[in-house]
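Worksheet for the structure shown next.
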Amino acid sequence: MTEEVIDQSSPPPDPDPIQNPNPAIHPRRVPFEHGLLPIPNLLFTDPIQTLAPIKQKLASSATNNRVGSPAISEALSISSDHARLVLETLASVLHSETDPLVVAKPEEVDSIGADVRDLVLFMYVQSYKRLMPRTHKDSAAVADVWPSASAFDGYLSALSPIQACSLRLNIGLIINSRRFMPSPADEEAHQLSYLQKHMANIISLLADPVEGEGDESSVLSLESFEHIRFLLHFGDKGSDVPSLSQATPFFKNSNPAMPAVPVPASQVHDWLLKKIASAMENISDRISGKENGPSNASGQEAATAVASEALNKVSSNDRGPCIIEGVSKTSLFKQASDLKGRSVKVANCHDSVIYLLAPLRYATVYGCSDSTIVLGAAGKAVRVEHCERVHVIAATKRICIANCRECVFFLGVNQRPLIVGDNHKLQVAPYNTFYSHLEEHMTEVGIVPTINRWNEPFALGAVDPHDSLSHPTGASDKQSESASFVDPNQFTNFLIPNWFAGEALGSTKDNPFPLPDAYLAVQQSSLKNLEETRQSLRETPLEENRKRELTTAFHMHFKDWLYATGNVRQLYCLQGD
């Protein structure tokens, strides 16, 4: 039997749960952060009443308890494209690395399909609402330090006064909270609170009725119970329990050779609620301890500290993503040994170039502006949200772009780029860089270089139903503004400095994603023109003063180009290397 690998975005689990007889419970973050889709037919006002008959319909058409795109499309009354999107998104957030859907080839996804129980839980969490960003206690002082100009301003002028007023309020909340998005502890508490509120319904959807015992009596099998790992896992600081059932008093020590006796659903529910309540109490103590800590700085001093302390600020813990936050007016480089194959979140960075040249699972870019962010190889998903004038260069299996302005995405992506929410003036282009370990990292996380769907953006609703903001009436009917293509004549390669000096270099010598013909032709033409110009200069006899004038003109034009394209920051980076 193949050993199952569990995705918990944490260090490798300890295989011996006896070493930690009372492991802590945690929500799995990825379904809430990367698994939400703004598809109207997935949003249920009363999930239990709606999902119960849908589950029955799916089960009746399932083979080995799995359903493909056609059955999902029929049961949910959605298009085949949306059904495929549901499967791809579910695959990116599943807890089991060996699930057939996770390891399926692109042409097999529709037929292999998803386990009905995982699919039902995935559909249930579409009712989740993300936590609102927190504002700083002296947001006016912070605004003096961080940039206030916004790409939202021009867009607002095109709206009606009522729409603009409503949208300006929402945008203000985002911009003013730009350094103070919810902390990992806040988000974990919010997710646990959601699960606590809905656990009875979740257990009900996984349970089986007991014949002759009435509608109120149901039991949960060991196999169905293990699917709760889609939402929860146990363990802390590297001592994770590999099997959820091994953390319970009712399934622990079950004989693998014998079918485990089903447990009353009410017993499972009560036990999980106690565990969640205990975890929420611990998180509350941590949050209150931080908020009540000593603080003697004035508002302006605190605001200045926000900007100055952000330089190269990278934080991490034993669980959750590595967080790179508040980098301003500088360059930051991290490689595989720094990130250790984990997930990463880049938040609230301004006027910087950030290189994350590592194999990653998940990557989130949130609230950044006027920056270039290079992501090595993200094997699960990338999410870019609330960014302005940012260039993102990413090799990834899938990417979701939400609520961004004037951003450009250079993509090597195996699935269609998903565009949701309120976007404006987005551009996409083929992948345009490489570093020596890129192909090695892509192979490690399962990205296929021969498949690049950068030019097939998939736009969904203009309103994100999973945020907690107010939206103008009728806005939910609008489709998100899609992305245009970068003109091939404006396409350039992005040079990554040789950060690996003194270390063993990898085998990648060029961009592993083939360029489309139009972009390749322009690139070859530019190289040819450059070589012809060099040759002409070598062969043209010039007096010394004319050579100096020509050199000065070249330098001036190059300087103008650097500032016009924003590449001047990269030049500083190269000089400092």
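Every number in this text was worked out from the coordinates using simple rules, so none of it is lab data. Small disclaimer: the values here were computed from a predicted structure and weren't measured. Glycine also receives a Cβ, built like all others from the backbone with ideal geometry; neighbour counts cover every protein chain displayed.
Odds and ends about this structure:
- Gain in span if fully extended, Asp186 to Glu74, counting 0.36 nm per residue against the direct Cα distance: 36.5 nm
- Judged by the mean number of other Cβ atoms found within 10 Å, the most tightly packed of the peptides 123-129, 395-401 leads the ranking 395-401, 123-129.
- For the pair Lys129 and Lys528, the difference between a 0.36 nm per residue extended length and the Cα-Cα distance amounts to 138.3 nm.
- Relative protection proxy for 520-526, 218-224, 403-409, from highest mean packing down: 403-409, 218-224, 520-526 (other beta-carbon atoms within 10 angstrom).
- For the range 448-463, Karplus couplings with θ = phi - 60° (6.51, -1.76, 1.60), whole Hz, Gly/Pro x: 9, x, 7, 10, 9, 9, 4, 9, 10, x, 10, 8, 10, x, 6, 10
- Database remark: amide H of Glu388 closer than 5 angstrom to the amide H of Cys368, Ser369, Asp370, Arg405 (H placed geometrically; neighbours at sequence offset of 5 or more, or on other chains; Pro and chain starts carry no H).
- FRET efficiency, 1/(1 + (r/R0)^6) with R0 35 Å, evaluated for Ala504 and Ala260 via beta carbons: 0.10
- Remark: for residue pairs Lys197/Lys275; Lys197/Lys380; Lys105/Lys397; Lys55/Lys197; Lys380/Lys509; Lys105/Lys380, the C-alpha separation exceeds 19 Å in Lys197/Lys380; Lys55/Lys197; Lys380/Lys509.
- The 3J(HN,Hα) values that the Karplus relation (6.51, -1.76, 1.60; θ = phi - 60°) gives for the range 416-427 are, in residue order, 4, x, 9, 10, 9, x, 9, 10, 8, 6, 8, 10 Hz. Gly and Pro appear as x.
- Coarse-grained scattering of the range 21-128 at q = 0.24 Å⁻¹, given as base-10 log I(q)/I(0) from a Debye sum over alpha-carbon atoms: -1.49
- Backbone amide hydrogens, once placed in the peptide plane, bring Ala377 within less than 5 Å of Ala358, Leu360, excluding anything fewer than 5 places away on its chain.
- Residues in the range 412-451 that a label on Lys105 would reach, taking backbone N under 17 Å of a point 7 Å out along Cα→Cβ: 414-415, 446-451
- Order by protection proxy (mean Cβ within 10 Å, highest first), peptides 56-62, 245-251: 245-251, 56-62
- Hz values of 3J(HN,Hα) by residue in the range 362-372 - Karplus curve (6.51, -1.76, 1.60), Gly and Pro given as x: 10, 9, 10, 10, 9, x, 9, 8, 6, 9, 10
- For Val219, the residues 5 or more places off, or on other chains, whose built amide H falls under 5 Å of its own are Asp208, Val210, Ala265.
- Förster-model FRET efficiency, 35 Å R0, Glu481 and Ala200, C-beta, rounded to 0.05: 0.30
- Placing unit charges on the Cβ atoms only, positive for Lys and Arg and negative for Asp and Glu, gives the range 39-128 a dipole magnitude near 240 debye about its Cα centre.
- Full-stretch length increase - Thr492, Glu444 - with 0.36 nm per residue and alpha-carbon distance subtracted: 14.5 nm
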